[in-house]
Amino acid sequence: MTDIASDYSQLVLEHFRNPRNVGSFPAGTVGVLTGMAGNRRHGREVRFEIRVAVGRVAECRYQVYGDPATIALCSLLSERLRGLSVAEARTFGIVPLADELGLPAVKRAAALVLEDALGAAFKSYNSVSQLEPLRA
Amino acid sequence: MATQPIYLDYAATTPVDPRVAEKMAACLTLAGTFANPASQHAPGRAARALVEAARAQVAALVNASPQEIVFTSGATEADNLAIKGVAHFYKDRGHHIVTSRIEHKAVLDSCKQLEKEGFEVSWLKPDADGLIRPEAVEAALRKDTLLVSLMQANNEIGALTDIAAIGRMCKVHGVHFHVDAAQSAGKLPIDLKALPVDLMSFAAHKVYGPKGIGALYVRREPRVNLAPLIHGGGHEQGLRSGTLATHQIVGMGEAFRLAGETLPQEASRLTALRERLWAKLEAIGGLRNSHATACVPGILNVSFPGVEGESLLATCSELAVSSGSACNAADAEPSYVLRALGRDDQLAGASLRFSFGRYTTEAEVDRAAEVVTEQYRRLKALIPAA
């Protein structure tokens with residue numbers, strides 16, 4: 001079937017067709033945290049980058065291999081994290097975003113992959129006393 | 001107003017040809033030939049005459065005798081009747097059936113039902129070309145085999161089974177041979193006087209006829225017996241009871257007649273459209289799953305490396321095509337046929353089946369190529385470097 005309109009909400013379709021903030025920060029950008037999760041052999045892989053400035057999320061970028069649910073979640077998350085403090089972003093609940101997108105039960109595993117990616121990104125934040133410029 | 005997608009899913013179903021619809025409409029209302037074909041009065045006899053003329057049209061496409069055509073509600077019912085009908089009628093002679101893992105659900109589920117009843121089924125696997133070879137069938141035959149059931153043209157990749165060779169082999173072994181020809185009738189020449197096939201299923205809706213009507217060819221020479229599935233009045237020589245739907249039958253007859261009229265020209269035209277699309281998809285890295293020559297003219301199945309299948313299908317929403325997986329939001333099951341071709345889960349999942357038909361134009365094919373090219377590149381651009 002090509003009619004995903006019957007499987008997904010309008011919000012998913014909007015973010016799937018017009019994903020926001022796709023890509024990655026240029027090499028040398030200061031304050032970038034990167035987290036990767038998932039495995040494309042299992043159907044979902046996400047590289048999520050968060051640029052932090054003055055203790056807050058300035059902007060996000062991501063690259064994603066996955067179904068429309070995963071792409072939509074990345075896009076929505078990239079918008080919602082903006083402006084949050086690091087503490088808020090670190091504990092941001094992605095499962096409620098899955099609710100907001102109205103994802104069917106079987107697609108909600110995408111939220112777990114994003115949680116893992118976010119966790120991996122903030123793990124690297126703990127281990128540096130000062131944020132290093134992003135390496136290529 | 002949103003425009004309709006470009007329809008490239010003719011293997012799933014076809015629109016009714018207006019000429020067919022016109023014939024059908026004449027059988028519906030008070031002013032038309034609406035009577036029960038079993039009635040003895042003049043209106044009934046008029047309806048009966050239309051039914052028998054349509055039966056002859058269906059038979060003519062496949063060079064069968066009209067008496068060998070039994071109307072059913074579709075190919076699914078025809079498959080059920082053939083498989084269960086043979087099994088139940090001949091159950092004292094044997095209890096083994098041979099089929100393949102890549103058959104239509106109507107065949108698979110009928111055989112699974114017979115397994116529950118105590119029959120044994122051998123499920124053949126396709127070879128690396130997606131084909132079921134005669135040698136594989138022969139190797140599976142046993143002394144108690146009652147039936148071999150195989151599709152002539154695979155609905156996913158269009159690959160053609162050598163039903164002549166398999167039929168000859170079944171005859172030698174004294175085994176009945178049923179062929180599901182839903183995807184092939186009206187697209188390839190079929191001559192049932194020459195082909196050693198005992199039973200053949202047809203669907204009207206694959207050939208510009210209405211949904212809800214099909215037929216089962218039941219050989220008379222030598223006679224094949226069947227236990228009927230549906231009782232209640234003894235219609236269709238006792239094989240399929242139920243008041244005959246004149247309008248449906250007339251529709252099927254006219255559809256089969258029209259298909260026969262243009263079969264070779266359509267085959268060439270659809271082959272050309274198929275190769276036109278393939279050239280453009282090959283250029284962007286697509287991998288061909290359907291055989292280049294041993295294939296029904298109108299089917300092209302292509303896998304696209306490196307992208308997720310559900311997203312590929314969803315992003316090509318300007319096209320009405322099928323995917324290579326039974327994929328929807330609820331579950332995703334990579335195609336058995338594509339796995340048999342050696343495609344891994346990603347390639348099997350990220351495949352599109354394009355199927356062309358009577359109303360497909362070059363402009364539509366070119367636009368389909370543009371859409372797929374654009375969306376495939378868009379998805380690839382989202383993906384992290386490996």
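The values are calculated or read from the model by the stated rules, or taken from the named source; none is laboratory data. This is a predicted model, so every value here is computed, not measured. Reconstructed Cβ throughout: ideal geometry from the backbone, glycine too, with neighbour counts over all protein chains shown. Surface areas here come from the heavy atoms of the whole protein model, side chains and all, with no ligands, DNA or RNA. Shrake-Rupley method; radii C 1.70, N 1.55, O 1.52, S 1.80 Å.
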Show the residue pairs meeting these rules: Cβ distance below 6 Å; 6+ apart or different chains; first residue within the stretch B:58-75 and modelled with pLDDT of 95 or more and crowded, with 22+ Cβ neighbours inside 10 Å; second residue of a type outside the set (K, R) and assigned to a loop (DSSP other than H, G, I, E, B). B:V62/B:I190; B:V62/B:L192; B:A64/B:L192; B:V70/B:E236; B:V70/B:L239; B:A75/B:A182
If I go through the stretch A:83-116 residue by residue, how many of them are of a type in the set (A, V, I, L, M, F, W, C) and part of a loop (DSSP other than H, G, I, E, B)? 5
Return the residues of the stretch A:25-47 that are surrounded by 21 or more Cβ atoms within 10 Å (Cβ to Cβ) and aliphatic (A, V, I, L, M); say none if nothing qualifies. A:V32, A:L33, A:V46
Does the stretch B:212-235 include one or more residues that are more than 20 Å from B:D162 (Cβ to Cβ), in contact (Cβ under 8 Å) with a residue 40 or more places away in the chain and hydroxyl-bearing (S, T, Y)? no
Given the criteria buried (at least 24 other Cβ atoms within 10 Å of the Cβ), among the hydroxyl-bearing types (S, T, Y) and part of a helix (DSSP H, G or I), does B:S311 qualify? yes
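Rundown of residues vs (1) of a type outside the set (A, V, I, L, M); (2) touching a Pro at 6+ places or on another chain (Cβ under 9 Å), yes/no style:
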{"residue": "B:S149", "(1), (2)": "yes, no"}
{"residue": "B:A153", "(1), (2)": "no, no"}
{"residue": "B:L160", "(1), (2)": "no, no"}
{"residue": "B:I163", "(1), (2)": "no, yes"}
{"residue": "B:M169", "(1), (2)": "no, yes"}
{"residue": "B:V172", "(1), (2)": "no, no"}
{"residue": "B:D180", "(1), (2)": "yes, no"}
{"residue": "B:Q183", "(1), (2)": "yes, no"}
{"residue": "B:K187", "(1), (2)": "yes, yes"}
Selection count where residues are within 18 Å of B:A181 (Cα to Cα) and surrounded by fewer than 24 Cβ atoms within 10 Å (Cβ to Cβ), scope the stretch B:127-149: 3
Would you mind telling me which numbered condition in (1) buried (at least 23 other Cβ atoms within 10 Å of the Cβ); (2) away from chain B (no Cβ under 14 Å) A:L84 fails? (1)
Conditions (1) surrounded by fewer than 19 Cβ atoms within 10 Å (Cβ to Cβ); (2) over 29 Å from B:L114 (Cβ atoms); (3) touching a residue at least 40 places away in the same chain (Cβ under 8 Å): number failed by B:L273: (1)
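Looking at the structure I just gave you, is B:G285 of a type in the set (G, A, S), modelled with pLDDT of 95 or more and within 30 Å of B:R48 (Cβ to Cβ)?
No: the conditions fail for B:G285.
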Mind listing whichever residues of the stretch B:276-293 are open to solvent by less than 20 Å² (accessible area, probe 1.4 Å) and touching a Ser or Thr at 6+ places or on another chain (Cβ under 9 Å)? B:L281, B:G286, B:N289
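Mind listing whichever residues of the stretch B:344-386 are charged (D, E, K, R) and within 14 Å of another protein chain (Cβ to nearest Cβ)? Quick ask: steps written out before the conclusion?
Taking the stretch B:344-386 and keeping what is charged (D, E, K, R), we get B:344-345, B:353, B:358, B:362, B:364, B:366-367, B:370, B:374, B:377-378, B:380.
Listed by number, the residues that qualify are B:D344, B:D345, B:R353, B:E374, B:R377, B:R378, B:K380.
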Do we have B:P305 as assigned to a loop (DSSP other than H, G, I, E, B), buried (at least 16 other Cβ atoms within 10 Å of the Cβ) and at pLDDT 95 or above here? no
Subset of the stretch B:333-343 that is among the small types (G, A, S) and open to solvent by less than 40 Å² (accessible area, probe 1.4 Å) - its residue that is nearest to the other protein chains (Cβ to nearest Cβ): B:S335
Of the conditions (1) among the hydrophobic types (A, V, I, L, M, F, W, C); (2) part of a strand (DSSP E or B); (3) within 11 Å of another protein chain (Cβ to nearest Cβ); (4) surrounded by fewer than 21 Cβ atoms within 10 Å (Cβ to Cβ), A:L13 fails just one. Which one is it? (2)
